[in-house]
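Everything on this sheet refers to the single structure shown next.
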Amino acid sequence: MARGEVLGMVNRVVEAAEPAAETERPALRIAGMPACGPAPAKGAVNQAEDLQGLHTGTDSVCGLLHHLAHAHNAETAADSLGSVNTAAPKEANT
């Protein structure tokens, strides 16, 4: 038994050769559930994180990294978007 499992930090340890199969199985099970089940559970987890300040911390870090990426692109590429065609996703959806 792995140390993390003994300490209760994880609920299962898988072989290094099979992580994709082990993660795909529960993901497919969850994806097959009606949205009325997982959606409220996800909302409850998000609310708990918000109450602990985790959402705010994540937002601030992501915001910082977002602006850092634009600043980097402005210095190293032709423009701050890194020459990404922002119209491409819109065109692909029409």
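The values are calculated or read from the model by the stated rules, or taken from the named source; none is laboratory data. Quantities reported herein were computed from a predicted structural model and do not represent experimental measurements. Please note: Cβ atoms are built from the backbone with ideal geometry, for glycine as well, and neighbour counts cover all protein chains shown. Note: accessible area is taken over every heavy atom of the protein model, side chains too, but ligands, DNA and RNA are not part of it. Shrake-Rupley method; radii C 1.70, N 1.55, O 1.52, S 1.80 Å.
Sorting 33, 1, 9 by accessible area (1.4 Å probe), largest first, what list results?
Values: 33 80, 1 175, 9 145 Å².
Sorted descending by solvent-accessible area, the residues read 1, 9, 33.
On the chain, 62 percent of the accessible area sits on carbon and sulfur atoms, based on a 1.4 Å probe.
Solvent-accessible area per residue in the chain equals 84 Å², computed with a 1.4 angstrom probe and all protein chains kept. Its alpha carbons give the chain an Rg and a Dmax of 20.1, 53 Å.
Rolling a 1.4 Å probe over the protein chains gives residue 12 an accessible area of about 130 Å².
A Förster radius of 41 Å, combined with the Cβ-Cβ distance separating residue 42 from residue 78, puts the computed FRET efficiency at roughly 0.55.
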